[in-house]
Amino acid sequence: MRQSYGFVGAGELTAAVVTGLNADAAAPPEVFLSPRGRAVGRELADRFPNVRVRGSNQEVLDATTTVVLAVRPPVAAEVLAELTFRPEHVVVSALAGVHLARLREWTAPAGHVVRSIPLPQAVRRQSLTALYPDHAVARELFERVGGVVVPAEEAALDSFSAATATFAAHLDYLTTIAGWLADHGVDRDTASAYTAHIFGQLGESLLTHTGDLAELTGRYMTPGGINEQLLGDLRGAGVPDTVRGALDRVLARLRG
């Protein structure tokens, strides 16, 4: 029987996962999309013949037994209150900070509920998705768009979620470097391209490294060198402690 997935919420995350499900897939699964985010749904349905936009969120649930929740957390309770789940449903939630106990209450009598943190890299089938608890259906879904990591307890999943809050800050750091290059006479487009290149290549090193990240850090600096100098300045300014403190505050928010 052909696997199928329904998505309640049709934003950028849904677009990334659905695109990944179709990337180089000889027999992609059936996909049913929420009418919310109609532009996204229409674009995906136009690109992929296995993707269909349903007339309502309830029609998505009626069409499949695997439902991915990808609405914004502030409106989740309102959206889910209008829906009728079945015991055979496997509900895969991508709602940051919404814990299993509440999800089970909102989606009763669904038989299984799984929390997940799919990443935008799902579009290239390179998302390492954290999920809890482990479940064969959720695992199969996310292994189609990358890999899976399962923490030992639900509380750890919130830490994974907090770590994803660093994306914009990291990109802002790169923007600062590119801006500094431009301030020192480099064409702005060239400055952006150069910064993207060197950190993109650094990212490739990260993907192939299997040891502690501190070990990799050591490889990129020599005693008395300029990398050591800059790192020392940032540490002296308290940047690592600032990052840890900010992550602690994000984690506290996710845990309510």
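The values are calculated or read from the model by the stated rules, or taken from the named source; none is laboratory data. Note that the coordinates shown come from a computational prediction; the quantities given were computed from them, not determined experimentally. Don't worry about glycine lacking a Cβ; one is built from the backbone with ideal geometry, like all the others, and counts go over all protein chains shown.
Overview of values
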quantity: Some residue of the range 211-221 being closer than 21 Å to Q126 by Cα, in the same structural domain as H170 (by TED's automatic domain parsing) and modelled with pLDDT of 95 or more; calculated: no
quantity: Which numbered condition L13 misses (of (1) outside any loop (DSSP other than H, G, I, E, B); (2) free of Cβ contacts under 8 Å to residues at least 40 places away in the same chain); calculated: (2)
quantity: Answer residue from the range 132-153, given it is farther than 26 Å from A26 by Cα and of a type in the set (A, V, I, L, M, F, W, C) and is surrounded by the most Cβ atoms within 10 Å (Cβ to Cβ) among those; calculated: V150
quantity: Hits in the range 63-86 - residues which are in a helix (DSSP H, G or I), under 21 Å from G97 (Cα atoms) and in contact (Cβ under 8 Å) with a residue 12 or more places away in the chain; calculated: P73, A76, A77, V79, L80, A81
quantity: Residue among V113, V75, V68, V92 that is among the β-branched types (V, I, T) and over 19 Å from L254 (Cα atoms); calculated: V68
quantity: Scan of the range 227-256 for residues that are in a helix (DSSP H, G or I), closer than 18 Å to E154 by Cα and in contact with a helix residue (DSSP H, G or I) (Cβ under 8 Å, 6 or more places away or on another chain), ordered by number; calculated: L247, V250, L251, L254
quantity: Test for L230: is it exposed (fewer than 14 other Cβ atoms within 10 Å of the Cβ), over 23 Å from the mean Cα position of the chain (by Cα), of a type in the set (A, V, I, L, M, F, W, C) and not assigned by TED's automatic domain parsing to the domain that holds A130; calculated: yes
quantity: Residue within the range 119-140 that is more than 16 Å from L254 (Cβ to Cβ) and free of Cβ contacts under 8 Å to residues at least 12 places away in the same chain present; calculated: yes
